[in-house]
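The values are calculated or read from the model by the stated rules, or taken from the named source; none is laboratory data. Being a predicted model, the structure only gives us computed values, none of them experimental. Here Cβ is always computed from backbone atoms with ideal geometry, including for glycine, and neighbour counts include all displayed protein chains. Protein only, heavy atoms only, side chains kept; ligands, DNA and RNA dropped before computing areas. Shrake-Rupley method; radii C 1.70, N 1.55, O 1.52, S 1.80 Å.
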Amino acid sequence: MSSPSSLDTLIEALRCLPGVGPKSATRMAYHLLQRDQRGAARLATALGHALEVLRHCTRCNTLCEDEVCARCANPRRDGTQLCVVEMPADLAMLEQTHSYQGLYYVLMGRLSPLDGIGPRELHLEKLLARATDGVVQEVILATNFTNEGEATAHMISELLRSRGLRVSRIARGIPVGGELEHTDTGTIAQALVERRAL
């Protein structure tokens with residue numbers, strides 16, 4: 001049996017990207033090789049460089065080039081609040097709101113027993129050490145509202161509350177600018193449950 005050709009190897013490598021199946025990977029490979037070789041070379045260089053220089057911030061666990069990321073090193077951030085998110089992309093979305101000035105902790109995943117991801121794989125002991133550093137007063141859980149995200153938030157809240165920390169969860173409900181008639185019933189029900197006094 002012969003080894004796979006370099007084209008097959010490239011196609012298989014592209015399949016590691018989320019949502020990319022065999023057909024998409026094949027299209028990408030042919031596009032990069034036939035129509036955008038300079039782009040392919042830039043992609044290869046950028047990926048190689050990123051793998052070489054990026055590491056996890058020792059405080060928040062996000063990806064950065066230094067031991068401590070610029071956000072964690074910023075003295076103007078509120079160290080008493082720690083917002084827990086699943087992935088760096090979630091952190092980026094929260095930062096775009098300009099409504100939170102505290103610090104973060106990135107889990108780099110969520111509990112998913114079917115995929116073999118439990119508390120050990122998420123290194124929850126690192127989160128626990130970070131949250132109980134004597135400075136943090138409130139942990140805000142901003143995991144996604146999926147079954148796995150909810151289970152992750154529940155487990156973390158139990159862990160932290162037992163150590164006397166104040167734990168809160170981001171609210172969910174009707175999106176800004178949303179209309180009730182175009183909103184699903186689950187979201188409306190949750191908005192009613194999480195209503196607040198004016």
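Taking the criterion of being among the hydrophobic types (A, V, I, L, M, F, W, C), open to solvent by less than 90 Å² (accessible area, probe 1.4 Å) and not in a loop (DSSP other than H, G, I, E, B), the residues of segment 64-96 that qualify are C64, A70, C72, A73, L82, C83, V84, V85, A89, L91, A92, L94.
Could you check, for segment 33-56, whether at least one of its residues is touching a residue at least 12 places away in the same chain (Cβ under 8 Å) and over 24 Å from the mean Cα position of the chain (by Cα)? Yes, there is a match, as at least one residue in segment 33-56 is touching a residue at least 12 places away in the same chain (Cβ under 8 Å) and over 24 Å from the mean Cα position of the chain (by Cα).
Among the residues of segment 173-196, those identified as in a loop (DSSP other than H, G, I, E, B) and either under 28 Å from V136 (Cβ atoms) or open to solvent by less than 80 Å² (accessible area, probe 1.4 Å) (or both) are G173, I174, P175, G177, G178, T183, E194, R196. Scanning segment 141-188 for residues that are among the small types (G, A, S) and modelled with pLDDT of 85 or more yields A142, G149, A151, A153, S157, S162, G164, S168, A171. Go through segment 146-172 and give me each residue that's part of a loop (DSSP other than H, G, I, E, B) and either closer than 16 Å to G109 by Cβ or free of Cβ contacts under 8 Å to residues at least 24 places away in the same chain (or both). Matches in segment 146-172: T146, S162, G164, A171. Beta carbons closer than 9 Å, at least 6 apart along the sequence or on distinct chains, pair a first residue in segment 183-196 that is within 17 Å of I170 (Cα to Cα) with a second that is of a type in the set (S, T, Y) for A191/T183.
Please pick out the residue among V106, V68, V84 that is more than 17 Å from the chain's Cα centre (by Cα) and either more than 18 Å from S168 (Cβ to Cβ) or at pLDDT 95 or above (or both). Just one listed residue meets the conditions, V68.
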